[in-house]
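This report refers to the structure that appears directly beneath it.
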Amino acid sequence: MRPVADEALERVAASRVRLAVLGSTAALLLVVGLGLLVAFRSVTPDALDAEWMEEIVEHRSPLWEVPSRVFDFVGGGWFGVVVVPLGIAIAFLVARRPWAASAFLAGSIASSALVQLLKAVFGRARPADILLPLDSPAFPSGHVANAATMVVLLALLLRRVWIAVAGAVYVVLMALSRTYLGAHWLTDTVGGALLGGAMAVLTWVVFARVLRREHARRAPDAGSPRPSDG
């Protein structure tokens with residue numbers, strides 16, 4: 001019965017991997033399509049982007065600017081791109097999960113690299129009402145992509161629902177902070193979230209087999225007999 005059960009589990013795992021690949025590929029295609037759309041409309045922002053930015057500028061206040069700048073520091077630059085991924089990878093190593101650490105670093109690097117590539121390809125200008133000294137292209141948002149990559153990978157690697165829920169809130173807040181500071185149009189943040197999530201899932205797919213073995217080795221074997229007291 002054991003080989004039959006193992007074979008069934010392998011089929012389920014393979015099915016999940018196929019769905020993950022299809023979903024993440026579709027998300028990346030959406031990012032490229034959205035990038036092409038905003039690139040061809042670079043002179044006049046889309047109505048949704050323009051309306052959202054008008055609302056943001058109208059309701060700006062120091063009360064919201066301070067947390068937005070905190071998110072700016074935490075989610076990007078040397079801290080968000082280097083310190084945070086390295087810190088999480090080290091935590092996985094301390095927990096004796098080297099493959100999880102490798103997957104997290106690989107996903108973070110791949111996501112950041114793809115963000116920079118698409119920024120160079122589409123070259124979208126940032127909003128005029130920006131509050132930060134930035135002159136790099138806007139689409140997609142690197143901060144939001146970093147946030148999405150991090151939380152999706154953590155949810156997949158740690159298998160905790162509360163991480164997925166808290167992570168979704170974090171990504172939304174990061175997106176709001178980027179538009180509040182005028183660093184990005186709304187569609188930049190949507191593109192960043194799709195890209196980050198897709199890269200996280202694809203990374204998980206690449207490492208899926210070794211991650212399953214690593215998780216199985218750490219899981220307690222409920223069926224193993226306990227040693228006798230005598």
Place a +1 charge on the Cβ of each Lys and Arg in the chain and a -1 charge on the Cβ of each Asp and Glu, then give the dipole magnitude about the Cα centre in debye, rounded to the nearest 20. 1160
In percent, what relative contact order does the range 87-202 have, based on Cα pairs under 8 Å that are 6 or more apart in sequence? 32
In deg cm²/dmol and to the nearest 500, what is the mean residue ellipticity at 222 nm of the chain if only DSSP H runs of at least 4 residues count, each as -39500 (n - 2.57), divided by the residue total? -26000 deg cm²/dmol
Within-15-Å neighbourhood charge of V57 [Cβ basis; K, R +1; D, E -1]: -4
Scattering curve values for the chain, log₁₀ I(q)/I(0), Debye with Cα scatterers, q = 0.08, 0.15 Å⁻¹: -0.35, -0.99
Tilt, helix 186-218 to longest principal axis of the chain (alpha-carbon atoms), in degrees rounded to tens, equals 10
Relative contact order (percent, whole number), the chain, Cα cutoff 8 Å, 6+ residue spacing: 28
The summed charge of the L157 Cβ neighbourhood (under 10 Å; Lys/Arg +1, Asp/Glu -1) stands at +2
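Values quoted throughout were computed directly from the atomic coordinates according to the rules given, and no laboratory measurement underlies them. Note that the structure is a prediction, hence the values are computed from the model and not measured. Don't worry about glycine lacking a Cβ; one is built from the backbone with ideal geometry, like all the others, and counts go over all protein chains shown.
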